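Notes follow once the structure below has been shown.
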Amino acid sequence: MQIRYKNNGAVKHVANEVGQGFIDAGLADEVRPCITAPIPTPKTTWEVLPGEREGQSPFVHAFCSGCSHHLISPSPSPTTRFQHCRTLETVPAEIGKKHAGMLADFRQGTDRPSSVSPAQSAIERKRFERLTSARKA
Ligand SMILES: [Zn+2]
């Protein structure tokens, strides 16, 4: 604990028992640490990013430059909360909308250009159709 000696005003860090002894004897007062840590201001940047690896769906990323906290949500919903700076933020509507759009593109496979040539696609499709019809027979 911290105490301030009454005789000279000096402030010292001392063991709790020692400090309490001085206080009980009327020789010192306790100096309580004042909690002056500033409350950070929320400064959040929201974005929707494509999956970082092949096959990974797009996700919502929030970053607060006030407190350096991150939120990563691959499946944001109206109940998703970003807790930081003593506040709870919800995913902004336009970000939720953008994520839903990118997720739909991702599921349809239209989010990245195909590396397969149209000719190769045609060959693959024919083979697939042959296999499917062979299974039905
Ligand atoms: Zn924050």
Mean-square fluctuation check for the chain, GNM, Cα pairs under 10 Å: which of L103, L27, L49 is largest? L27
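Want the number for R4 to R127: 0.36 nm per residue separation, take away the alpha-carbon distance, what's left?
35.6 nm
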Within a Gaussian network of the chain (alpha carbon springs, distance under 10 Å), most fluctuating of A100, A37, A25: A25
Would you work out the relative contact order for the chain, in percent, from Cα pairs under 8 angstrom that are 6 or more residues apart? 14
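How much mean residue ellipticity at 222 nm does the chain get from its helices, if each DSSP H run of length 4 or more adds -39500 (n - 2.57) and you divide by all residues, to the nearest 500 deg cm²/dmol? Write out the running numbers ahead of the final one.
Values: 3 runs with 44 residues, N = 137.
Dividing the helical sum by the residues of the chain leaves -10500 deg cm²/dmol.
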Dmax and Rg, reported as Rg then Dmax, of the stretch 1-60 (C-alpha, Å): 25.7, 72
Neighbour counts of other C-beta atoms within 10 Å: give me H84, H99 arranged from fewest to most. H84, H99
In nm, spacing of pseudo-spin labels at A37 and A100 (7 Å Cα→C-beta vector): 3.9
1/(1 + (r/R0)^6) with r = Cβ-Cβ of S68 and R135, R0 = 41 Å, i.e. FRET efficiency to nearest 0.05, evaluates to 0.15
Separation in nanometres of the label points that stand 7 Å from Cα toward Cβ, at Q120 and E52: 2.8
Distance in nm between label sites at S77 and E30, each 7 Å beyond Cα in the beta-carbon direction? 4.6
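Since every read-out is calculated from the coordinates, none of them should be taken as a lab result. What you see is a predicted model; the values in this text were computed from it and never measured. Virtual Cβ from ideal backbone geometry, glycine too; neighbours counted across all protein chains shown.
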